[in-house]
Amino acid sequence: MKARWNRLVTGLLLMIFSTAPAYAQRHVYVEAESFENKGGWVTDQQSFVVIGSSYLMAHGMGRPVKDASTTVQFPGTGKYRVWVRTKDWAPFPKGPGKFTLHLGGQQLGNVFGESGSDEWKWYDAGVIDVKETSAKLVMKDLTGFNGRCDAILFTDALKFTPPNTLATLNAFRNKVLHTSSTPADGGHFDLVVVGGGIAGTCAAINASRLGLKTALIQDRPVLGGNNSSEVRVHLRGDIDKNHYPKLGRIVREMDNGDPGNGHPDASEYGDARKIAIVKAEKNLTVFLNTHVHKVEKEKDRITAVIGRNINTNQETRFTGTYFSDCTGDGTVGYLAGADFRMGRESKAETGESLAAEKADSFTLGTSNLWASLEKDTVSSFPETPWALQFSDEYHIDQDRSDWEWETGFGNFNTITDAEKIRDHNLRAIYGNWSYLKKGKPEKYAKRELAWVAYIGGKRESRRIMGDHVLTQMDIQEGKRYPDGAVTATWTIDLHFPNEKNSKYFEGQEFFASTKHIRVAPYTIPYRCLYSRNISNLFMAGRNISTTHVAFGSTRVMRTCGMMGEVVGYAAYLGKKYKTTPRGVYQQHLDELMGILNDDVPQQQGVDNKAGRQ
Amino acid sequence: MRLIWLMIWMLPVMAAAAVPGEQIRTFEIKDSSGSTYTLKLALDNSGRPQYFFRNIFTPVCNTGECKPVYINFYWDLLGNYTRFDMPAGEVLTKTDHREFKEEEYRKLQEIISRETSIFSELKMEDLVVKGTEKISDSADVKTGATLKTIKNEVIEGAVYTCYTLWHLAHGSVVEEMRKITETYTSTALLHQFLQSNNHHYQYWAMEKVMNAEGRVQKGFENDIAGIISGSNIFTARFALQKAAPEYFTPARQSWLWEVYTNAAYPLQMAILKKMAGLRLGEAVMLKIAAVVTEGNRQQFNAKMALLADAGPKVQQRLAAQLVEAEPSLAADMYTALQKMNSTDKTVRQKMMQYEQKTKQTDN
């Protein structure tokens, strides 16, 4: 019986029989992100660490998106109470994210998303009489302004209230959906790369071309991270000033030209090309839409990571010899107990002239870029009383965003407040756009929003500590360590809130300024690319071992991509000599540097060519 | 096409010139180099100042070659640049001697209009490759702007023109205009400024009619009220925050609550914060109590705090909502009423009803 239900609803439905034989509670837990037909709704996994799940969001830039629908199978007819897990994302005082739910054509409860509370919680949608065991559930967006739904619960225990804290909800969800009981076997790999941004993708490609069986796990449907069409940040940092002839070749393959930041045409960022390059590698298996949220360890080694599909919630376990944390947030390192830092160090601690006087939690912010296009006809944009408010006195007179559109700056935690940050960016974008359309029709009457990112382009979060921590002095004095491995060229580029923006939106800044501190090309030591206390963990990308100040220069994507390439080479040597990342530094540095300098013959015994189609 | 464009630019001037009785006062200003230029002030037929303008003739020099530029600039009375137009028969040209296109005139207006610009941060030698009009590849290193942004903020082939004109619009002339306008300060001008839609005028005048403690000069109360209830949220917030408590008489408190009802959320929050520092009269408290549950939780909390010392009438109004209000709000209202130790019969009765209702629900 249970097997049949499971088959019917693809894991969405489960019954819990209470221990008391006289009464059985029956719960039907529908994850919104698992709807069969998502219509115009999108899956958002950015708050996974906070709510333990992805959710579905109506990102229509002010125009209602198409309905999402799915078929719900009930274990029996009769009365069920309906609970809907949602929030009012902009309760100022009431948000615009309004939607309704309909089962078999009948509306469930009232309008959701306008409660005035931005806490994720269960809302009682009343009791329904289920007459058919199979019914169509439809989610109808009313505004196009980012209404969102995590899950819908039907329960025949009419007095049951579903749990709402992260731990209890996770336990409840896992129980009713069986998510964690038997993860699928993702396989064993020489190198498991977590994070499919530029750094992770370059790491995975390089390792696989060197003959390593490699997994690339990415929590979005596209590769490229901040350089994907979901975020649209252009690649920065030079590869032509590289000290190492071997490095930058894969970065160049990833490079789709320079469309600038926030180009309205998604294809400029080459998502399909990036995926095609990866899929052409025979030693490389890519797992998209998979969010890694758990690791398994033996002593100081990671043995496996477990990822959950952001749509189906299917769990998969990947075992490996080496792991590379290219998540940006340092998620793998964090879960494994790797030493890490977040925020600014003090001058006293690092001796850096650009460091803060006192250590604090300040980080660079997150951008949600956007662009508009000129159309033939005049259009309007809805009023946005729930958004930030602008006037002739202060507004941002732009038809397309650039890097300055940025929220964070210590006002919000870039990991645990990721949703708030994105939402704040949206309130700035929509509020400003609404003002421009009405207040400056001579310029904006015929312009329409073409694209607004709902995935945040995050700059800074955790930095995993390695055997070396790169500092401002390393950079400015141009220190060449024997393991100097990646050439970096970007200025020390530490953003701060724009002064005028601060004046008008103190504590709620969304617009940045910077001072570029110019640097001569310098090298990042290999020791910044592996964890100092997790013995088989590499890092590449923004979460490598640097101070906050040095990170201001290493963080750009071409540089991050070259870090990935180095990780690929180091993992290859690790496997060859059956040693740890640190072992590569201690015993095989000459060979690593030789490879980077292109002065040793290619490795033998590995068939690379077959992988390059 | 160009002719039409110039005609469009000329229209306001022609219109202005057509106003009968309009007067122009001229000022000879010495600049830092010691040379003199003429600044003009347009006055209406009653002699009230309207705006400043200059008929500019300036050399724009580059690569050893200078060319004359004729252009008219207009500013408001506080030296905020508003627009330019071209004298009849004059055009702007680029280094290759090609004339500005229509969109380049439009772009120039945008460039000069910017209060802050890369021109304020960068010297010409940092901006362009020496002796050329080409934007230097390292220009972005000296500023926060990217090269792309910098290119967006100049007109290619006319970087020197943009640079020169921006500095003419935003340079020392601004201070001269402000000095002149000071001499025209009068009650009438202050009213005019406060009632205008120009936030520069409003801030300037507010500084004059409100002292450091926020006491509003007699006769300007309504002007300040107009700003608080006006459409510019920033001037509204400024006036609200600056005005001293005594400005908010009981009558004005009630008026402020009307403003609250129609205000954007951030101003609503600013009003609640302001009210926390006032001795509220019963009339406004009754209004607040009537809508205490409207809005979000933060607003509910702020409103309840405003009503903490409320008398029996207000208590009654709160108590009347106990049974119907959303449970968590009702619970907070009940607690607040308990703290008020009300002896009012109706209030006690409503509280008991609420107690009974919650008891039933608990069962």
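The values are calculated or read from the model by the stated rules, or taken from the named source; none is laboratory data. Computed from a predicted model, the values in this text were never measured in an experiment. FYI the Cβ positions are ideal-geometry reconstructions off the backbone, even for glycines, and counts take in every protein chain you see.
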The correct count of residues that are farther than 16 Å from B:Ile233 by Cβ and touching a Ser or Thr at 6+ places or on another chain (Cβ under 8 Å) in the stretch B:194-211 is 1
Within the stretch B:293-321, residues part of a loop (DSSP other than H, G, I, E, B) and in contact with a Pro (Cβ under 9 Å, 6 or more places away or on another chain) come out as B:Glu294, B:Gly295, B:Asn296
Flagged in the stretch A:248-272 as in contact with a strand residue (DSSP E or B) (Cβ under 7 Å, 6 or more places away or on another chain), within 20 Å of A:Val286 (Cα to Cα) and surrounded by fewer than 22 Cβ atoms within 10 Å (Cβ to Cβ), in numbering order, are A:Asp271
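May I ask you to list the residues in the stretch A:529-558 that are in a helix (DSSP H, G or I) and out of contact with any helix residue (DSSP H, G or I) (no Cβ under 8 Å at 6 or more places or on another chain)?
Of all residues in the stretch A:529-558, those in a helix (DSSP H, G or I) come to A:529, A:548-554, A:557-558.
Scanning the stretch A:529-558 gives A:His548, A:Phe551, A:Gly552.
Would it be correct to say that A:Leu235 is within 18 Å of the chain's Cα centre (by Cα), more than 30 Å from A:Lys576 (Cα to Cα) and hydrophobic (A, V, I, L, M, F, W, C)? Don't jump to the end; show me each part of the working.
Working: within 18 Å of the chain's Cα centre (by Cα): yes; more than 30 Å from A:Lys576 (Cα to Cα): yes; hydrophobic (A, V, I, L, M, F, W, C): yes.
Yes.
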Residue hits (the stretch A:115-135; charged (D, E, K, R) and more than 14 Å from chain B (Cβ to nearest Cβ)) are A:Asp129, A:Lys131, A:Glu132
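Each row is one residue, and each column tells you yes or no for (1) more than 18 Å from B:Ser328 (Cβ to Cβ); (2) under 25 Å from the mean Cα position of the chain (by Cα); (3) more than 14 Å from chain B (Cβ to nearest Cβ).
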residue	(1), (2), (3)
A:Gln73	yes, no, yes
A:Thr77	yes, no, yes
A:Arg81	yes, no, yes
A:Lys87	no, yes, no
A:Gly95	yes, yes, no
A:Leu101	yes, no, yes
A:Gly105	yes, no, yes
A:Asn110	no, no, no
A:Gly113	yes, yes, no
Residue hits (the stretch B:254-292; at the interface with another protein chain (Cβ under 10 Å from one of its Cβ atoms) and not in a helix (DSSP H, G or I)) are B:Ala263, B:Ala264
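Step by step: first the residues of the stretch A:126-156, then only those that are within 14 Å of A:Thr77 (Cα to Cα) and among the acidic types (Asp, Glu), then the one that is surrounded by the fewest Cβ atoms within 10 Å (Cβ to Cβ). Which residue is that? Don't jump to the end; show me each part of the working.
In the first step, residues of the stretch A:126-156 are kept if they are within 14 Å of A:Thr77 (Cα to Cα); the result is A:127-135, A:154-156.
Still in the list and also among the acidic types (Asp, Glu): A:129, A:132, A:156.
Numbers: A:Asp129: 9, A:Glu132: 11, A:Asp156: 22.
For the stretch A:126-156, the residue satisfying everything is A:Asp129.
Test B:Thr346 against the criterion of being in contact with a Pro (Cβ under 9 Å, 6 or more places away or on another chain), in a helix (DSSP H, G or I) and without any contact (Cβ under 8 Å) to a residue 40 or more places away in the chain, and give yes or no. If you could, list the steps in order and put the result at the bottom.
Values: in contact with a Pro (Cβ under 9 Å, 6 or more places away or on another chain): yes; in a helix (DSSP H, G or I): yes; without any contact (Cβ under 8 Å) to a residue 40 or more places away in the chain: yes.
Criteria met by B:Thr346.
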By residue number, the members of the stretch B:184-232 that are in contact (Cβ under 8 Å) with a residue 40 or more places away in the chain and of a type in the set (Gly, Ala, Ser) are B:Ala188
If we ask which residues in the stretch A:471-484 are touching a Phe, Trp or Tyr at 6+ places or on another chain (Cβ under 7 Å) and either surrounded by fewer than 20 Cβ atoms within 10 Å (Cβ to Cβ) or not assigned by TED's automatic domain parsing to the domain that holds A:Asp240 (or both), their number turns out to be 1
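Go through the stretch B:305-327 and give me each residue that's over 21 Å from B:Lys345 (Cα atoms) and aliphatic (A, V, I, L, M). Full working, then the answer.
Keep residues of the stretch B:305-327 that are over 21 Å from B:Lys345 (Cα atoms), which gives B:305-306, B:326-327.
Those that are over 21 Å from B:Lys345 (Cα atoms) and aliphatic (A, V, I, L, M): B:Ala305, B:Leu306.
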message: For the structure I just gave you, tell me whether A:Leu177 is over 18 Å from the mean Cα position of the chain (by Cα) and buried (at least 20 other Cβ atoms within 10 Å of the Cβ).
response: yes
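Restricting attention to the stretch B:67-120, report how many residues are within 24 Å of the chain's Cα centre (by Cα) and either assigned to a loop (DSSP other than H, G, I, E, B) or not β-branched (Val, Ile, Thr) (or both). Show your work before the answer.
First pass over the stretch B:67-120, keeping only residues within 24 Å of the chain's Cα centre (by Cα): B:73-84, B:106-120.
From what is left, the residues that are either assigned to a loop (DSSP other than H, G, I, E, B) or not β-branched (Val, Ile, Thr) (or both) are B:73-81, B:83-84, B:106-110, B:113-117, B:119-120.
Matching residues across the stretch B:67-120 total 23.
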Q | Some residue of the stretch A:350-363 being more than 14 Å from chain B (Cβ to nearest Cβ), buried (at least 23 other Cβ atoms within 10 Å of the Cβ), within 29 Å of the chain's Cα centre (by Cα) and outside any loop (DSSP other than H, G, I, E, B) | A | no
When restricted to B:Thr185, B:Thr164, the only residue part of a helix (DSSP H, G or I) and either more than 20 Å from the chain's Cα centre (by Cα) or within 18 Å of B:Ser113 (Cβ to Cβ) (or both) is B:Thr164
Note on the stretch A:237-292: residues among the acidic types (Asp, Glu) and assigned to a loop (DSSP other than H, G, I, E, B) are A:Asp238, A:Asp240, A:Asp255, A:Asp258, A:Asp265, A:Glu281
If we ask which residues in the stretch A:393-443 are more than 13 Å from chain B (Cβ to nearest Cβ) and of a type in the set (Ser, Thr, Tyr), their number turns out to be 4
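If you check A:Ala371 against the conditions, is it in the same structural domain as A:Val222 (by TED's automatic domain parsing) and either among the aliphatic types (A, V, I, L, M) or part of a helix (DSSP H, G or I) (or both)? Outline the logic, then answer.
Values: in the same structural domain as A:Val222 (by TED's automatic domain parsing): no; either among the aliphatic types (A, V, I, L, M) or part of a helix (DSSP H, G or I) (or both): yes.
When the stated conditions are applied, A:Ala371 does not pass them.
Residue-by-condition table, conditions (1) over 27 Å from the mean Cα position of the chain (by Cα); (2) in a helix (DSSP H, G or I); (3) assigned by TED's automatic domain parsing to the domain that holds A:His263:
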{"residue": "A:Glu119", "(1), (2), (3)": "no, no, no"}
{"residue": "A:Tyr123", "(1), (2), (3)": "yes, no, no"}
{"residue": "A:Met139", "(1), (2), (3)": "no, no, no"}
{"residue": "A:Gly147", "(1), (2), (3)": "no, no, no"}
{"residue": "A:Ile152", "(1), (2), (3)": "no, no, no"}
{"residue": "A:Phe160", "(1), (2), (3)": "yes, no, no"}
{"residue": "A:Asn170", "(1), (2), (3)": "no, yes, no"}
{"residue": "A:Thr201", "(1), (2), (3)": "no, yes, yes"}
{"residue": "A:Arg220", "(1), (2), (3)": "no, no, yes"}
Given (1) in contact (Cβ under 8 Å) with a residue 40 or more places away in the chain; (2) surrounded by 20 or more Cβ atoms within 10 Å (Cβ to Cβ), A:Glu114 misses just (1)
Does the stretch A:74-91 include one or more residues that are among the β-branched types (Val, Ile, Thr) and either out of contact with any strand residue (DSSP E or B) (no Cβ under 7 Å at 6 or more places or on another chain) or in a loop (DSSP other than H, G, I, E, B) (or both)? yes
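Quick grid of which residues meet (1) of a type in the set (Ser, Thr, Tyr); (2) under 29 Å from A:Thr70 (Cβ atoms):
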{"position": "A:Asn283", "(1), (2)": "no, no"}
{"position": "A:Thr290", "(1), (2)": "yes, yes"}
{"position": "A:Lys294", "(1), (2)": "no, yes"}
{"position": "A:Lys299", "(1), (2)": "no, no"}
{"position": "A:Ile302", "(1), (2)": "no, no"}
{"position": "A:Arg308", "(1), (2)": "no, yes"}
{"position": "A:Thr316", "(1), (2)": "yes, yes"}
{"position": "A:Cys326", "(1), (2)": "no, no"}
{"position": "A:Gly333", "(1), (2)": "no, no"}
Residues in the stretch A:330-343 that are surrounded by fewer than 22 Cβ atoms within 10 Å (Cβ to Cβ), on the phi < 0 side of the Ramachandran plot and not in a helix (DSSP H, G or I) total 4
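With within 11 Å of chain A (Cβ to nearest Cβ), surrounded by fewer than 20 Cβ atoms within 10 Å (Cβ to Cβ), modelled with pLDDT of 95 or more and in a loop (DSSP other than H, G, I, E, B) as the only criterion, which of B:Gly219, B:Gly214, B:Gly230 stands out? Walk me through it before giving the result.
Working: B:Gly219 fails: within 11 Å of chain A (Cβ to nearest Cβ); B:Gly214 fails: within 11 Å of chain A (Cβ to nearest Cβ).
Testing whether each residue is within 11 Å of chain A (Cβ to nearest Cβ), surrounded by fewer than 20 Cβ atoms within 10 Å (Cβ to Cβ), modelled with pLDDT of 95 or more and in a loop (DSSP other than H, G, I, E, B) leaves just B:Gly230.
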